[in-house]
Amino acid sequence: MLKLCGFRISNYHNKVRLALLEKGVPHEEDDKCFTPLKDAAMLEASPMGKVPWIEDGALRLSESQAICEYLEDAYPQKPLYPKDAAARAKVRELMIYLELHLELVARRLYGQAFFGGTVSDETKMEVERAIAKGVRGFKALAKFDPFIAGKEFTLADCAAAVHLPLISMATKGCYGRDALEDLPQVKPYLKMLAERPAFKRVGDDRKAATEARIAASRK
Ligand SMILES: N[C@@H](CCC(=O)N[C@@H](CS)C(=O)NCC(=O)O)C(=O)O
């Protein structure tokens, strides 16, 4: 059976888990196989030492987007992309804005926002400018109609649900202002998604995993 490896605190792990659950792909999860030591077995499966990765038969595959594309090809029963080629491309474009131009930029703040570290003022200034650009682009593309790419639920919703809250929290924590505050559609959109059984389950499991991690760090 397909195995998803990583940990439930990770937004990228949760993006793949949402795709698996929404598609109804039978799978097991190994959320203990992440080790900060990045041992040889892990690096063989995920050479950048990042989660998630999957194991499916002989296949070892890292990078959440590559994994999700594989799931679409290998398990086409319930697709998470529209049929039309142009519409599919627009979903992929939106995910690139979400991940490359927003999440990856905001990630530079996570050390301070979530892990008790400090980010230099220079980095904060750079990130603030880059995020503003990313938000402008995202705003131009996101539909909220009611789904992020339009009328259909797509993989972009799995990505948006896990990335947008982190972008808000990280920018609020570092600048006292949510970079997404000019997008009032975000909150009701996330609330709507949270009502889907897969999203509720992944959200609940993320909270439980976060609490367990905090409790363990206090010991
Ligand atoms: N581009 C990667 C990003 C994955 C990623 O950044 N994972 C984080 C957790 S959210 C991670 O493994 N961090 C540990 C590390 O980089 O050492 C993907 O889409 O899978």
> Among the residues of segment 102-112, is any in contact (Cβ under 8 Å) with a residue 12 or more places away in the chain, among the aromatic types (F, W, Y) and within 12 Å of the ligand (Cβ to nearest atom)?
Replying inline: yes
>> Pull out all pairs, ordered by first then second residue, where Cβ-Cβ is under 8 Å, the residues are six or more apart or on different chains, the first lies in segment 1-19 and is on the phi > 0 side of the Ramachandran plot, and the second is near the ligand (Cβ under 7 Å from one of its atoms) and aliphatic (A, V, I, L, M).
In response: G6/V51
> For segment 1-119, which fully contained strands (runs of 3 or more DSSP E) count at least 3 residues that are in contact with a strand residue (DSSP E or B) (Cβ under 6 Å, 6 or more places away or on another chain) and under 22 Å from R196 (Cβ atoms)?
Replying inline: 27-30
> Any idea which of F115, F138, F147 is surrounded by fewer than 12 Cβ atoms within 10 Å (Cβ to Cβ) and under 20 Å from the mean Cα position of the chain (by Cα)?
Replying inline: F115
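In segment 187-208, what residues are surrounded by 21 or more Cβ atoms within 10 Å (Cβ to Cβ) and of a type in the set (A, V, I, L, M, F, W, C)? First the steps, then the outcome.
In the first step, residues of segment 187-208 are kept if they are surrounded by 21 or more Cβ atoms within 10 Å (Cβ to Cβ); the result is 189, 193, 199, 202.
Selection gives L193, F199, V202.
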> Scanning for something surrounded by 18 or more Cβ atoms within 10 Å (Cβ to Cβ) and either within 15 Å of the ligand (Cβ to nearest atom) or at pLDDT below 95 (or both), does segment 79-92 turn up at least one residue?
Replying inline: no
>> If I filter segment 13-30 for residues that are in the same structural domain as K151 (by TED's automatic domain parsing), more than 15 Å from L155 (Cα to Cα), at pLDDT 95 or above and surrounded by 15 or more Cβ atoms within 10 Å (Cβ to Cβ), do I get at least one hit?
In response: no
> G111 passes all but one of (1) more than 16 Å from L155 (Cβ to Cβ); (2) in the same structural domain as Y12 (by TED's automatic domain parsing); (3) out of contact with any Asp or Glu (no Cβ under 9 Å at 6 or more places or on another chain); (4) not aliphatic (A, V, I, L, M); which number fails?
Replying inline: (2)
>> If I ask for residues that are surrounded by fewer than 16 Cβ atoms within 10 Å (Cβ to Cβ) and either in a helix (DSSP H, G or I) or of a type in the set (V, I, T) (or both), which ones from segment 173-186 would you list?
In response: G173, Y175
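The values are calculated or read from the model by the stated rules, or taken from the named source; none is laboratory data. Please read these numbers as outputs of a predicted model, since none were measured by experiment. Note that each Cβ is placed from the backbone with ideal geometry, even for glycine, and that neighbours are counted across all protein chains shown.
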